[in-house]
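Chemist: Let me begin by handing over the structure; questions about it come next.
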């Protein structure tokens, strides 16, 4: 596969993502900057975490107004695979490629910690190597990760299998105690109706080697190239 890793002013997980794709997966990968107007040469576009344009106005909104933002929309609408991680998830909601919005965390604090997640949909290109209901552990690092969507829209999303990941405890129980940021229904990741666009707040690129203490994140990347 040929991957594009998007780089906006303020991105800070771009090299982590590039390293995983190039060195751990041995896949072709290239950085694309915010002035890029076409992504037609790629199979998968990854929007990494960070603070695009300093998160001014609100997280992701300025990145969504760039030429690269328009190119991502065009790529996704043509059926290309798009993965948005943390700030990338925020950008995807600002581009209206994913439903809902990411609000300030409950408690208004920046959170940097490990979380447990339950896989709710393993039929996507991003999750096919997970088991349905599997509990995985990934790190989070965000200040605006509280997922929100209108109630009627959430019902439709549940019916369509668009809720992909939920915060849970180590045994897989979804409850308020396992919800780090106050996200609606403990939602940590969602996809579009077509299943080719996926956004999540946790960082799979930071959980890919034994040296880091866990490898649950590498399964997502192997799912993509399977």
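Coordinate-derived values only; no laboratory data. None of the values given here were measured: they were computed from a predicted structure. Here the Cβ positions follow ideal geometry from the backbone for every residue, glycine too, while neighbour counts run over all protein chains shown.
Chemist: Could we say that residue 84 is within 18 Å of the chain's Cα centre (by Cα) and closer than 16 Å to residue 199 by Cβ here? Before the answer, list the steps.
Modeler: On the way: within 18 Å of the chain's Cα centre (by Cα): yes; closer than 16 Å to residue 199 by Cβ: yes.
Yes, satisfied.
Chemist: Being over 17 Å from the mean Cα position of the chain (by Cα), surrounded by 16 or more Cβ atoms within 10 Å (Cβ to Cβ) and assigned to a strand (DSSP E or B) is the filter here; which residues of segment 6-30 pass it?
Modeler: 29, the sole residue that qualifies.
Chemist: Does segment 63-86 hold any residues that are part of a loop (DSSP other than H, G, I, E, B) and either touching a residue at least 40 places away in the same chain (Cβ under 8 Å) or surrounded by 24 or more Cβ atoms within 10 Å (Cβ to Cβ) (or both), and which are they? If you could, list the steps in order and put the result at the bottom.
Modeler: Keep residues of segment 63-86 that are part of a loop (DSSP other than H, G, I, E, B), which gives 66, 78-80, 86.
The answer is 66, 79, 80, 86.
Chemist: With respect to the numbered conditions (1) touching a helix residue (DSSP H, G or I) at 6+ places or on another chain (Cβ under 6 Å); (2) in a loop (DSSP other than H, G, I, E, B); (3) surrounded by 19 or more Cβ atoms within 10 Å (Cβ to Cβ), which one is the sole condition not fulfilled by residue 35?
Modeler: Residue 35 satisfies all of (1) touching a helix residue (DSSP H, G or I) at 6+ places or on another chain (Cβ under 6 Å); (2) in a loop (DSSP other than H, G, I, E, B); (3) surrounded by 19 or more Cβ atoms within 10 Å (Cβ to Cβ) except (3).
Chemist: Having 3 or more residues that are buried (at least 21 other Cβ atoms within 10 Å of the Cβ) and touching a strand residue (DSSP E or B) at 6+ places or on another chain (Cβ under 9 Å) is the bar; report the strands (runs of 3 or more DSSP E) wholly within segment 111-226 that clear it. Break it down stepwise before answering.
Modeler: Values: elements: 111-119, 135-142, 146-148, 163-168, 187-191, 197-200.
Per the criteria, 111-119, 135-142, 163-168, 187-191, 197-200.
Chemist: When segment 41-62 is examined, which residues are found to be touching a residue at least 40 places away in the same chain (Cβ under 8 Å) and exposed (fewer than 14 other Cβ atoms within 10 Å of the Cβ)?
Modeler: 54
Chemist: Please state which one of 89, 53 is out of contact with any helix residue (DSSP H, G or I) (no Cβ under 8 Å at 6 or more places or on another chain) and in a helix (DSSP H, G or I).
Modeler: Working: 53 fails: out of contact with any helix residue (DSSP H, G or I) (no Cβ under 8 Å at 6 or more places or on another chain).
Exactly one residue qualifies, and that residue is 89.
Chemist: Give me the pairs, please: first residue somewhere in segment 24-40 and touching a residue at least 12 places away in the same chain (Cβ under 8 Å), second residue anywhere and assigned to a strand (DSSP E or B) and surrounded by fewer than 14 Cβ atoms within 10 Å (Cβ to Cβ), beta-carbon distance under 6 Å, and either six or more positions apart or on two chains.
Modeler: What qualifies is 28/2.
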